[in-house]
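**Student:** Shown below is the structure under consideration.
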Amino acid sequence: MSESILTLSIDGKDVSAVAGQTILEVARENGIAIPTLCYLQGLTPVGACRMCLVEVKGVPKLLPACVTRAAEGMEVTTQTPRLQEYRRTIVELLFAERNHVCAVCVSNNHCELQDLARRVGMNHVRVPYRYPRLGVDATHPRFAVDHNRCVLCGRCVRVCDEIEGAHTWDFMGRGIECRVITDMNQPWGSSETCTSCGKCVHVCPTGTLTEKGRAAAEMKKRLQFLPYLTLMREARP
Amino acid sequence: MTPEELRELAEKRRAQLKQPRCRLNVCLAAGCQSCAGDSVFKAIKQQIEARKLDGVQVRGVGCLGLCAEGPLVLVEPSGLLYQRVKPEDAGELLDALEGAPLKRLECPTDVPFFRAQKKIVLENAGVIDPENLEDYLAAKGYEGLIRALTDMTPADVIAEVTTSGLRGRGGGGYPTGLKWSTVAKSKGAKKYVICNGDEGDPGAFMDRAVLESDPHRVIEGMIIAAYAVGAQHGYAYIRAEYPLAVKRMQNAIKQAQKAGLLGDGILGTSFSFNMEVRLGAGAFVCGEETALIASIEGKRGQPRPRPPFPAESGLWGYPTLINNVETFANIPPILRHGGAWYAAIGTEKSKGTKVFALAGRVKNTGLIEVPMGITLREIIFDIGGGIPDGKKFKAVQTGGPSGGCIPEQYLDMPVDYDSLARVGSIMGSGGMIVMDETSCMVDVAKFFMDFCKAESCGKCVPCRAGTDQMHGILTKICNGEATLDDLALLERLCDVVKNTSLCGLGQTAPNPVLSTLKYFRDEYLAHIVDKRCPAGVCKIKAPAEVHA
Ligand SMILES: Cc1cc2nc3c(=O)[nH]c(=O)nc-3n(C[C@H](O)[C@H](O)[C@H](O)COP(=O)(O)O)c2cc1C
Ligand code: SF4
Ligand code: SF4
Ligand code: SF4
Ligand code: SF4
Ligand code: FES
Ligand code: FES
């Protein structure tokens with residue numbers, strides 16, 4: 001079966017795509033960087049963090065590149081001042097939402113949120129910090145979860161459900177009260193579904209999910225297993 | 001049952017209904033039940049039995065409209081309406097059947113509240129017994145379905161709906177005919193029809209009233225839609241907080257199944273369709289179509305990005321038609337009288353009528369149905385009876401948490417989708433809250449932001465964290481603690497949340513703030529600069545003593 005090929009332009013550059021590819025996939029193939037947070041190659045995209053919003057000529061709304069399919073003749077712009085301002089504000093909202101004190105975080109220097117802040121030029125936060133007091137759960141023998149660092153990207157939820165097949169993680173609560181939980185909102189250590197595979201820890205973009213016994217700034221995420229996730233996913237029927 | 005048998009049944013019931021000398025219709029919809037309408041019903045029934053009154057009947061009916069004056073009792077054939085009836089009044093009411101009307105309880109019906117309305121969706125509300133299929137048949141129920149199934153192809157049905165110009169009543173105003181034709185064209189091994197009865201807007205009860213007062217009308221609309229788009233199964237998604245609506249809908253589905261109006265080979269044709277009720281757990285966001293679909297699938301009710309739209313990939317990945325309760329309720333009369341008849345009502349781009357839940361600072365609160373194009377002034381001052389206690393009108397909020405506040409200068413504007421959008425509000429599903437000079441517009445904006453913040457599903461960052469920040473700033477303004485920098489931040493957040501949120505909840509959450517800022521900026525400034533609430537609603541503390 002021959003796949004149909006489309007042409008479109010991203011940031012003025014003419015590019016080609018296979019039907020079904022998303023704008024993000026095509027952009028990355030062509031070396032055009034669009035910031036993302038909830039997206040992770042190999043997991044079902046959910047369009048939740050809104051970092052990857054782009055402008056498409058003729059479409060009044062901004063579209064998330066991670067879930068929007070490329071279409072013939074599309075003219076995509078990924079870096080306008082408006083988009084940059086929105087991305088910066090979204091990152092600021094995340095920093096203010098929970099507690100991000102990088103200096104004392106195990107993920108310092110290995111954190112996607114930190115990277116994003118740098119990329120969008122966030123030098124300070126212009127919204128008031130909320131400083132919620134959220135717990136740390138260290139009941140699991142090998143891992144810990146610090147809710148104060150969570151950005152609710154849902155990568156742990158998806159990797160555990162879609163790749164590991166355990167569905168230990170899920171969301172609880174609405175709006176600003178939303179949290180990730182293990183099983184029926186019980187301590188991770190008491191989970192009967194968790195296989196301790198560690199996938200969630202390594203896809204977590206922040207210092208929320210960590211391996212125990214590592215000193216600050218040592219919790220390097222092993223992202224090299226991402227292509228492996230993709231392979232596993234594509235092997236599914 | 002065949003169409004002939006159905007019509008016979010209708011004829012028989014019509015004859016039966018003519019028999020009694022007179023009949024008392026007691027409102028048993030939720031509004032009147034909440035003020036003991038069912039005790040009134042029982043008391044009247046008891047009295048009739050005790051007095052052995054021949055030819056006098058009592059019947060439970062759906063919402064009669066003027067809910068604020070309930071429990072209401074309508075007498076047929078005289079057309080007398082009694083308000084605030086108590087069980088103790090039953091005897092006197094029956095005495096009055098023969099002689100002069102019972103002045104003490106009489107509710108005048110020769111007033112604009114009743115005369116300026118036009119009832120299509122609510123034509124049977126308060127007139128038929130919602131628990132009786134034959135009552136619906138006697139009121140020409142299922143005639144539209146018979147016509148569709150026996151005289152028309154699915155394409156004809158879609159053409160009729162397109163001609164009518166009907167636009168979705170769930171808030172967006174999307175052309176119904178266009179949506180139906182898209183689903184009809186979508187390819188799928190199966191298709192679904194969903195009725196959106198979630199109705200999460202605060203203060204709105206239009207859909208509840210239709211479901212409670214005339215459930216068969218919604219079922220009929222859904223069967224016609226299923227025939228038009230080629231669906232085999234349907235769901236009526238109703239929030240669990242509407243137990244009476246759920247009960248009546250379930251009861252009506254059973255009756256329709258028994259009568260062969262649902263199931264295999266409907267009305268003796270080869271068309272099959274069945275449906276069931278699904279309960280919503282009462283999250284506002286579950287009214288959003290993709291979240292609603294996730295909820296029916298048994299997942300957490302969170303929206304997903306569109307496209308793909310449900311018309312292409314909806315419930316379990318199959319093409320799905322999703323329409324609002326009121327949208328479906330408009331379908332039977334459109335099929336009965338024709339699309340052109342419907343298109344002659346309303347305005348150029350907004351056809352037909354709209355049901356509103358009129359609330360707030362007006363004399364007559366309740367459920368109204370008016371032709372599109374009527375002015376806000378007519379609704380508020382004629383039908384609504386104006387502002388009570390000699391107060392001055394200030395603004396009317398339409399469209400619920402997704403809508404905006406409209407000031408006095410637009411009172412003579414026609415009510416239609418485009419005019420409302422032009423002044424920064426929307427039609428929405430039909431909530432209409434009237435405010436007088438005693439309302440503080442910053443406080444109103446804060447109320448709606450509080451709602452959106454609490455109802456945000458938490459999936460996307462701008463809505464989850466942005467509405468919380470906006471609510472924080474509005475609270476500061478109301479407390480007299482905000483600066484002009486806070487106001488600037490509020491406006492910046494409005495822009496971000498509106499343009500970057502995933503679903504309609506976040507995209508519209510800033511609307512009440514934007515519209516109040518547009519028309520009542522001076523009130524914001526009074527709170528911030530003068531530390532004063534012009535309406536006297538916000539309790540602003542005296543400025544703390546300055547310590548050196
Ligand atoms: C947050 C949110 C809540 C909604 N709630 C409802 C609702 O309670 N009832 C409804 O019919 N539509 C609701 N909608 C609109 C639906 O998503 C959908 O557009 C509608 O049901 C389509 O029906 P219509 O074409 O007949 O209007 C809501 C939309 C959003 C974004
Ligand atoms: S999770 Fe990232 S951004 Fe947050 S404190 Fe840790 S290093 Fe900093
Ligand atoms: S360790 Fe593996 S099984 Fe356990 S929660 Fe994480 S992903 Fe799921
Ligand atoms: S724990 Fe990590 S992966 Fe899971 S939602 Fe929070 S930030 Fe994302
Ligand atoms: S806009 Fe709000 S309600 Fe909609 S998906 Fe985002 S968080 Fe959920
Ligand atoms: S990466 Fe696209 S929305 Fe998160
Ligand atoms: S509920 Fe009885 S009149 Fe509306």
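Quick note: the coordinates plus some simple rules give every number you see, no bench work behind them. Every value quoted in this text rests on a predicted model; they were computed, and no experiment measured them. Here the Cβ positions follow ideal geometry from the backbone for every residue, glycine too, while neighbour counts run over all protein chains shown.
**Student:** Report relative contact order for the stretch B:1-105 in percent, whole number only (criteria: Cα-Cα under 8 Å, sequence separation at least 6).
**Tutor:** 30 percent
**Student:** Next up: Could you tell me which GluC sites (Glu not before Pro) in the stretch B:314-389 are loop residues by DSSP with no more than 12 other beta carbons within 10 angstrom of their beta carbon?
**Tutor:** Answer in residue order: B:348.
**Student:** Comparing A:19, A:27, A:48, which has the greatest mean-square fluctuation in the GNM of chain A with Cα pairs linked when under 10 Å apart?
**Tutor:** Checking each option, the largest mean-square fluctuation is seen for A:19.
**Student:** Give the relative contact order (percent, whole number) for the stretch B:54-185; include only Cα pairs under 8 Å separated by 6+ residues.
**Tutor:** This gives 18 percent for the stretch B:54-185.
**Student:** Hey, another quick one. If I build a Gaussian network model for chain A, linking alpha-carbon pairs within less than 10 angstrom, which residue out of A:181, A:90, A:32 has the largest mean-square fluctuation?
**Tutor:** For chain A, modelled as a Gaussian network with Cα springs under 10 Å, the answer is A:32.
**Student:** How big, in percent, is the set of alpha carbon pairs in chain B lying more than 31 Å apart?
**Tutor:** Numbers: 74646 of 149878 pairs.
Summing the P(r) tail past 31 Å for chain B gives 50 percent.
**Student:** Here's another thing I want to ask about it. Quick check for me: using +1 on Lys/Arg Cβ and -1 on Asp/Glu Cβ, what's the dipole size of the protein assembly as shown about its Cα centre, in debye to the nearest 20?
**Tutor:** Roughly 1140 debye, rounded to the nearest 20.
**Student:** Which lysines does residue A:220 reach when only Cα atoms under 16 Å apart count, and residues fewer than 8 places away in its own chain are ignored?
**Tutor:** A:199, A:212
**Student:** Nothing charged except the Cβ atoms of Lys and Arg (+1) and of Asp and Glu (-1): what's the magnitude of the dipole of the stretch A:52-176 about its Cα centre? Round to the nearest 20 debye.
**Tutor:** The dipole of the stretch A:52-176 has a size of about 420 debye.
**Student:** Taking the 0 to 90 degree range and rounding to the nearest ten, how far is the long axis of helix B:3-18 tilted relative to the main principal axis of chain B, both from C-alpha atoms?
**Tutor:** Computed tilt is about 90 degrees.
**Student:** Sticking with this structure for a sec: With a cap of 15 neighbouring Cβ atoms within 10 Å, and only residues DSSP puts in a loop, list the chymotrypsin sites (Phe, Trp or Tyr not before Pro) found in the stretch B:326-400.
**Tutor:** Filter output for the stretch B:326-400: empty list.
**Student:** In deg cm²/dmol, rounded to 500, what helix-only [θ] at 222 nm does the protein assembly as shown give when every DSSP H run of at least 4 residues adds -39500 (n - 2.57) and the total is split over its residues?
**Tutor:** -10500 deg cm²/dmol
**Student:** Looking at the stretch B:209-309, I'd like the Rg to Rh ratio, where Rg is from alpha-carbon atoms and Rh is Kirkwood's inverse mean 1/r.
**Tutor:** Here the Rg-to-Rh quotient is 1.00.
**Student:** Then there is this: Across peptide B:301-308, what mean number of C-beta atoms from other chains lies inside 10 Å of a residue's C-beta?
**Tutor:** Mean inter-chain Cβ contacts per residue within 10 Å come to 4.
**Student:** Could you list the square roots of 5 times each eigenvalue of the Cα gyration tensor of the stretch B:1-120, that is, the equivalent ellipsoid semi-axes, sorted largest first and rounded to whole Å? Working shown, then result.
**Tutor:** Values: eigenvalues 121, 76, 43 Å².
Computed over the stretch B:1-120, the values are 25, 19, 15 Å.
**Student:** On C-alpha positions alone, give me the angle between the axis of helix B:461-478 and the longest principal axis of chain B, in degrees, nearest 10.
**Tutor:** Helix B:461-478 sits at roughly 70 degrees to that axis.
**Student:** Continuing with the same structure: Once you've got the Cα coordinates, tell me which of B:140/B:351; B:18/B:119; B:354/B:392; B:394/B:459 are over 28 Å apart.
**Tutor:** As for pairs spanning more than 28 Å Cα to Cα, those are B:394/B:459.
**Student:** Say the dipole of the protein assembly as shown comes from +1 at the beta carbon of Lys and Arg and -1 at that of Asp and Glu; which of A:193, B:475, B:383 then lies farthest toward its positive end?
**Tutor:** Value: A:193.
**Student:** Can you sort B:539, B:185, A:221 from fewest to most other Cβ atoms within 10 Å of each residue's own Cβ? Provide the component values of the computation, followed by the final result.
**Tutor:** On the way: B:539 9, B:185 13, A:221 21.
The most exposed by this proxy come first: B:539, B:185, A:221.
**Student:** If you don't mind, there's one more thing I want to ask. Taking all pairs of different Cα atoms in chain A, averaging 1/r and flipping that mean, what Kirkwood radius in angstroms comes out?
**Tutor:** The answer is 19.0 Å.
**Student:** Test of the criteria: in the stretch A:166-212, which trypsin sites (Lys or Arg not before Pro) are in a DSSP loop and have at most 14 other Cβ atoms within 10 angstrom of their Cβ?
**Tutor:** Sites meeting the loop and neighbour criteria: A:212.
**Student:** Can you sort B:229, A:59, B:246 by how many other beta carbons sit within 10 Å, fewest first?
**Tutor:** A:59, B:246, B:229
**Student:** Let me ask something additional. What does the structure give for A:87-93 when I average, per residue, the other chain Cβ atoms found within 10 Å of the residue Cβ?
**Tutor:** Per residue, the number of nearby Cβ atoms from other chains is 5 on average.
**Student:** So what's the angle, to the nearest 10 degrees on a 0 to 90 scale, between helix B:37-51 and the longest Cα principal axis of chain B?
**Tutor:** 30 degrees
**Student:** Okay, moving on. Which whole-number percent of Cα pairs in the stretch A:1-140 have a distance greater than 24 Å?
**Tutor:** 40 percent
**Student:** Relative contact order (percent) for chain A, with alpha-carbon contacts under 8 angstrom and 6 or more residues of separation?
**Tutor:** Relative CO of chain A lands at 19 percent.
**Student:** In peptide A:52-65, what is the residue-averaged number of other protein chain Cβ atoms found within 10 Å of each Cβ?
**Tutor:** Taking all residues of A:52-65 together, the mean is 1.
**Student:** Going toward the positive end of the dipole of chain A, with +1 on Lys and Arg Cβ and -1 on Asp and Glu Cβ, which of A:63, A:95, A:154 do you reach last?
**Tutor:** A:95
**Student:** Let me ask something else about it. Using +1 at the C-beta of Lys and Arg and -1 at the C-beta of Asp and Glu, which of B:275, A:181, B:197 has the Cα lying farthest in the positive direction of the dipole of the protein assembly as shown?
**Tutor:** Of the listed residues, the answer is A:181.
**Student:** Moving to a separate point now. Ranked by Cβ crowding within 10 angstrom, fewest neighbours first, how are B:233, A:100 ordered?
**Tutor:** Final ranking by Cβ density, sparse to dense: B:233, A:100.
**Student:** I've got another one for you. Within 10 Å, count the other beta carbons around each residue, average over each peptide in B:400-408, A:201-209, and list them highest first.
**Tutor:** Ranked from most to least packed, the peptides come out as A:201-209, B:400-408.
**Student:** Cross-link candidates for residue B:190: which lysines have Cα within less than 18 Å, leaving aside residues fewer than 8 places away along the same chain?
**Tutor:** Excluding near neighbours in sequence, the set is B:179.
**Student:** What size of dipole, in debye to the nearest 20, comes out for the stretch B:253-319 about its Cα centre when the only charges are +1 on Lys and Arg C-beta atoms and -1 on Asp and Glu C-beta atoms?
**Tutor:** Around 180 debye, computed over the stretch B:253-319.
**Student:** Sticking with this structure for a sec: By what distance, in whole Å, do the Cα atoms of the protein assembly as shown stretch along each of the three principal axes, largest value first?
**Tutor:** Sorted from largest, the Cα extents of the protein assembly as shown read 91, 80, 53 Å.
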